[in-house]
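What follows draws every value from the coordinates through simple rules; no lab data is involved. Predicted model, so just to flag it, every value in this text is computed and none were measured. Cβ atoms come from the backbone with ideal geometry, glycine included; neighbour counts cover every protein chain shown.
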Amino acid sequence: MALPFEKPIEDLESKIREMQAYADEQQVDLVEEISLLEQRLERLKRETFAHLTRWQRVLVARAPGRPTALDHVGAFVDDFVELHGDRALGDDPALVAGLGRVDGAGVVVLAQQKGRDTKENIYRNFGMAHPSGYRKAMRMMEMADKFGLAVVALIDTPGAYPGIAAEEQGQAWVIAESIRRMSRLRVPAVAVVVGEGGSGGALAIGVANRVLILENAVYSVISPESCAAIRWRDAGEAPRAAEALKLTSADLLEQGVVDEVVAEPLGGAHKDPAAAVAATAAAVRAALASLRGLGAHEIVRSRAERFRHMGRVLADSA
Amino acid sequence: MALERWFRRQRPTRGDDDATPAGLWVKCSACHAQLYRKDLVAHLYVCKECGHHERMPVAARVAMLADEGSFESWSGDVRPVDALGFVDVEPYADRLAAVQQKAGRPDAIVTGAALIEGERVALAVMDFQFLGGSMGSVVGEEIARAAERAGEEDRALVMVAASGGARMQEGALSLMQMAKTTVSLECLASRRLPYVCVLTDPTTGGVTASFATLGDVIFAEPDALICFAGPRVIQQTIKQDLPAGFQRAEFLLRKGMIDDVVPRGELKRRLAAVIGLLRAGAAAGPGALPAGG
């Protein structure tokens, strides 16, 4: 299942495979020809990925086969123990929580999990959490604070779930409370947008000291489709909406919304999941290390400061 | 944000800002009774026939809550900027300029110092007429400054919310205002100054999911639509009819999400009462218990 702009790349890849097979079968030497094609492939990938439109990045962020939050967790968290339930309403599989170790130090892990296939996607509600998920996250933040464990949050959600029960159970309230709870953490927090950072449902676990984003991940106030439906009255204008929203990793770095962009393997994380999760692991380790040794007061103060200065305004002399 | 257009269709607002005098008679948007305009204004924009609470202009809201002559504006030092160069069918910059001129203010909020039945407060009133009361960097900044100044000046904060949510034309920067406003409210919490929210029709999206529901006390006006995801979005998602009264103030009261539904005529007294009680408690010192308990 190639993304539309990946077609020329896939074509070239299959041509190389065919040539290789032909060479093996016919016992002819095509090493030089194949090597030339491989160089061309490398150039094509580089060219394509250097010039992706914002909408194409959205497609990469959602691509099938892209490492999920738990795939990343598997790469840098040792001894992971999942802890279930919000102790009130239930357990939300869209937001996974647990304990583990990173470089030997204990952490609380929060992970917004999409499915790897249709069945898991249905079980995970496509990564869209209910209030119960955010309540579980807050319970875990409480635990992190009590036991002095850093928090690592992996963000990958189209948004908080818009449904009847979710509204009845106070979706807006739990997001607001989760933002506040996380802003009060006396322990370091690192957040990584690994796929889709969908609005308030993402920010609820994104109030971190260091906010990272994968190269082809996106983080937005609204999905391009919804934005297009409202502003152009046509969800089909999503590509234009994506351009207008400036939601790519480079945009967000420029806006000061994220602190660091984690490079993905050429062709996107879905083409080389192992390399992608290794890069995330290294970046999270470094981010945690950079926060080690800061006192509780400084942790809270600098995090609040980070978010207090978000935004752009024109100030009159005052 | 997402709901701006839907609201406009469902509940046409009249040109009831002071700048745009409308006709002598207006029709109640709920019962369609013909109301003498002056009467409606005198009755705080509540329909005499059916009690429906119409949306209220900012100036009238300030006048109804602040003790006479006590309001002193703090807003206006910051103005919005089109940081993304956002263009849809019309550039955001043009849209902003047009609505600024019409509203006579830089953005969708007014803040200031006031007395409410003698209680010292900072008062923030959002303006739904201004791009659906959407929250961009300026709304976030005004709220943060108001919360900080309230802390410095020993005032409670009263927030009258009315908003379609985060302002999508400012992208992720508007999303970040949810966190910015939240962290700024700590200036009140750390000094044990009350923060009281009044949710009016409509309060939705990222505003509901941040400062608007973090009050020590949350009141709502009758029949106000208060939600995270709007009714249309939910309907599209689940493809089912929504229960009657869904996401309205009375529904949320039953669900335990708000402290009370307060008719507009009682709002000022109720605000003064809770602020007075909370401040008296805070003044009595930590852990103070009533005698004889």
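Which entries of A:Lys7/A:Lys246; A:Lys146/B:Lys180; B:Lys38/B:Lys180; A:Lys119/B:Lys180; A:Lys246/B:Lys180 have Cα-Cα distances beyond 29 Å here? Please report the intermediate quantities before stating the final value.
Numbers: A:Lys7/A:Lys246 25 Å; A:Lys146/B:Lys180 25 Å; B:Lys38/B:Lys180 40 Å; A:Lys119/B:Lys180 38 Å; A:Lys246/B:Lys180 20 Å.
Checking Cα-Cα distances, B:Lys38/B:Lys180; A:Lys119/B:Lys180 exceed 29 Å.
Using the basic label-point model (7 angstrom from Cα toward the beta carbon), what is the B:Ala284 to A:Lys15 distance in nanometres?
Those two pseudo-labels are separated by 8.3 nm.
Give me the aspartates and glutamates in straight-line cross-link reach of B:Lys48: C-alpha distance below 15 Å, same-chain residues under 8 apart excluded.
Straight-line reach from B:Lys48, under 15 Å: B:Asp39.
Any idea what Rg and Dmax come out to for the range B:55-282 if you just take the C-alpha atoms, in Å?
Every Cα atom of the range B:55-282 included, Rg and Dmax give 17.1, 53 Å.
I want to check the label-to-label distance for A:Ala2 and B:Ala30. Put each point 7 Å from Cα in the C-beta direction and report it in nm to one decimal.
6.0
Quick one: order A:Ile205, B:Ile275 by neighbouring beta-carbon count within 10 Å, fewest to most. Show your work: numbers first, answer last.
Numbers: A:Ile205 31, B:Ile275 26.
With the fewest neighbours first, A:Ile205, B:Ile275 line up as B:Ile275, A:Ile205.
Averaging sequence separations of C-alpha pairs under 8 Å and six or more residues apart, then dividing by the length of the range A:208-267, give the relative contact order as a whole percent.
Details: 76 pairs, mean separation 27.3, N = 60.
For the range A:208-267, the relative contact order is 45 percent.
Would you mind working out the magnitude of the charge dipole of the range A:42-191 relative to its Cα centre, with +1 at each Lys and Arg C-beta and -1 at each Asp and Glu C-beta, to the nearest 20 Debye? Mind showing how you got there, number by number?
On the way: 21 positive and 18 negative charges, 95 e Å.
That gives a dipole near 460 debye.
Obtain the nm distance between the two label points defined at B:Gln236 and A:Arg43 by a simple spin-label model: each point lies 7 Å from its Cα along the Cα-to-C-beta direction.
4.4
Below 8 Å between Cα atoms, with a sequence gap of 6+, how large is the relative contact order for chain B in percent? Before the final figure, lay out each step's value.
Numbers: 527 pairs, mean separation 42.6, N = 293.
Reported as a whole number, the value is 15 percent.
Which value, in debye to the nearest 20, gives the size of the charge dipole of the protein assembly as shown about its Cα centre, when Lys and Arg are +1 and Asp and Glu are -1 at the Cβ? Present the calculation step by step, with values, prior to reporting the outcome.
Numbers: 71 positive and 80 negative charges, 327 e Å.
Value, rounded to 20: 1560 debye.
Using a 10 Å cut-off around each Cβ of peptide B:212-218, what is the average number of partner chain Cβ atoms that fall inside?
Across B:212-218, the average partner-chain Cβ count within 10 Å equals 2.
Checking the a/c ratio against 1.5 first, then a/b against b/c, what shape does the Cα gyration tensor give for the range A:58-308? If you can, show how the numbers build up before the last one.
Details: a/c = 1.38, a/b = 1.21, b/c = 1.14.
Taking the square roots of the gyration eigenvalues as a ≥ b ≥ c, the range A:58-308 is rounded.
Using +1 at the C-beta of Lys and Arg and -1 at the C-beta of Asp and Glu, which of A:Val211, A:Ile175, A:Phe126 has the Cα lying farthest in the positive direction of the dipole of chain A?
Of the candidates, A:Ile175 comes out farthest on the positive side.
Report the relative contact order of the range A:194-318, percent, no decimals, based on alpha-carbon pairs under 8 angstrom and at least 6 residues apart.
Relative contact order of the range A:194-318: 24 percent.
Give, rounded to the nearest 20 debye, the magnitude of the charge dipole that the range A:58-308 has about its Cα centre when Lys and Arg contribute +1 at Cβ and Asp and Glu contribute -1 at Cβ. Numbers along the way, then the final one.
On the way: 28 positive and 30 negative charges, 117 e Å.
Value, rounded to 20: 560 debye.
Within the range A:91-130, find all residues whose amide N lies under 12 Å from a label point positioned 7 Å from the Cα of A:Arg292 along Cα-to-beta-carbon.
Answer for the range A:91-130: A:102-106.
Say R0 is 35 Å: what FRET efficiency, to the nearest 0.05, do A:Val31 and A:Ala263 get from their beta-carbon distance? Kindly include the intermediate steps, with their values, before the conclusion.
Details: r = 31 Å, r/R0 = 0.88.
Working from the Cβ atoms, E equals 0.70.
Mind listing the Cα extents of the protein assembly as shown along all three principal axes, in Å, largest one first?
In descending order, the Cα extents are 96, 59, 51 Å.
Lys and Arg at +1, Asp and Glu at -1: add these up for the other residues within a Cβ distance under 14 Å of A:Gly195 and post the number. Intermediate values should be presented prior to the final figure.
Details: positive: A:Arg57, A:Arg62, A:Arg66, A:Lys114, A:Arg116, A:Arg124; negative: A:Asp71, A:Asp156, A:Glu196, A:Glu215, A:Glu264.
For residues surrounding A:Gly195, the net value is +1.
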